[in-house]
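Peer 1: Below is the structure I would like to discuss, written out as structure tokens.
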Amino acid sequence: MLRSLLAQKPRGSSLDIAVIACSKGAEVYSFMWAIRSARPDLKVRLYAVDIAQEIVDFAAKGVYSLNSVAGSKPNPEAIVAGDMTWKDQPVSSSVFERMTREEIEGMFEVDGDQAKIRASLKEGITWLQGDASSPKLISDLGPQDIVVGNRFLCHMDPPFAEECLRNFSRLVKPGGYLFVYGVDLDVRGRVAKDRGWTPVTDMMQEVYNGDVSLRTAWPFEYFGLEPFSDDGPDWKLRCASVFQIGEAFDAQPALVAHR
């Protein structure tokens with residue numbers, strides 16, 4: 001999805017992107033690798049933001065454990081299986097288990113039992129402590145071509161999740177894109193409808209079903225993602241994970257969605 005949108009960017013242009021609630025950095029580096037792989041000509045400025053300074057510092061180092069996780073089933077094409085830990089707290093499965101050999105070799109330098117993010121993928125990243133619900137976020141980061149707010153709104157009560165989503169969505173430039181996954185569907189659909197966002201329908205179902213951990217958690221976990229459904233008048237607003245916000249304001253728009 002990201003690569004299809006980047007295809008519309010003029011060669012040699014700039015790309016401003018913000019990843020909100022970046023946590024340990026896995027999503028930040030994954031986005032950066034995808035961008036660099038598809039469009040090495042772009043001048044990327046990426047803001048990575050999380051509410052906890054200590055986890056921002058951890059993410060900025062870009063060093064992850066390769067200790068294997070009991071019971072995990074890594075991708076057979078992967079060159080290594082392991083986990084990413086925070087303060088010696090193991091996760092339930094390997095962060096490498098769905099990565100291909102190409103992705104691992106492209107993103108990491110392996111040194112003993114550690115995987116280190118390649119220096120080229122760190123270039124252009126600014127790490128910041130910040131609150132996704134704070135109006136100050138807008139002035140701190142400025143307008144962005146792409147804003148990513150995945151897998152953290154689901155942990156909030158719906159009213160606060162909606163307030164938070166409305167706040168950080170204001171970062172998106174006219175004609176830019178918002179990636180928002182791992183959120184209550186009613187919250188996302190309500191805000192999208194109220195704000196007049198345009199759902200990006202290319203690959204909608206593939207993106208919706210892309211995170212296996214959310215899909216398999218339904219209906220037993222609060223963060224579980226219900227099955228994809230194209231019923232109802234507003235199903236696209238409920239099920240889209242990527243939205244275009246507003247209209248581009250110049251002759252070289254940040255990005256143009258595929259229709």
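Readers should treat all values here as calculations from the given coordinates under stated rules, not as data from a laboratory. None of these values were measured; they are calculated from a predicted model. No Cβ is skipped: glycine too gets one built from the backbone with ideal geometry, and neighbour counts run over all protein chains shown.
Peer 1: Show the residues, 5+ positions off or on another chain, whose built amide H is closer than 5 Å to the amide H of F223.
Peer 2: Under 5 Å from the amide H of F223 lies no amide H from a residue far enough along the sequence or on another chain.
Peer 1: Can you tell me the length gained on complete extension of the stretch A217 to R166, counting 0.36 nm per residue apart and subtracting the Cα distance?
Peer 2: Taking 0.36 nm per residue and subtracting the Cα distance, the gain is 15.7 nm.
Peer 1: Could you state the orientation-averaged shadow area of the convex hull built on the Cα atoms of the range 181-237, in nm² to one decimal?
Peer 2: Averaging across all directions leaves 3.9 nm² for the Cα convex hull.
Peer 1: Now, a different point. For S14 and W235 in one chain, what is 0.36 nm times their gap in residues minus the Cα-Cα distance, to one decimal in nm?
Peer 2: Fully extending the segment from S14 to W235 adds 76.2 nm.
Peer 1: Please get the size of the charge dipole for the range 143-230, origin at its Cα centre, with Cβ charges of +1 on Lys and Arg and -1 on Asp and Glu, quoted in debye to the nearest 20.
Peer 2: 340 debye
Peer 1: Next question. Taking 0.36 nm per residue of separation and subtracting the Cα-Cα distance, what length does fully extending T126 through A7 add?
Peer 2: Result: 40.4 nm gained on full extension.
Peer 1: Quick check on the range 146-216: take the gyration tensor over C-alpha atoms, sort the square-rooted eigenvalues as a ≥ b ≥ c, and tell me if it's rounded (a/c under 1.5), prolate or oblate.
Peer 2: In terms of gyration-tensor shape, oblate.
Peer 1: Under a crude label model (7 Å from the Cα following the beta-carbon direction), how far is D194 from S37 in nanometres?
Peer 2: 3.7 nm
Peer 1: Which shape class, rounded, prolate or oblate, goes with the range 12-59 when its Cα gyration tensor gives a ≥ b ≥ c as root eigenvalues, a/c under 1.5 marks rounded, and past that a/b bigger than b/c marks prolate?
Peer 2: prolate
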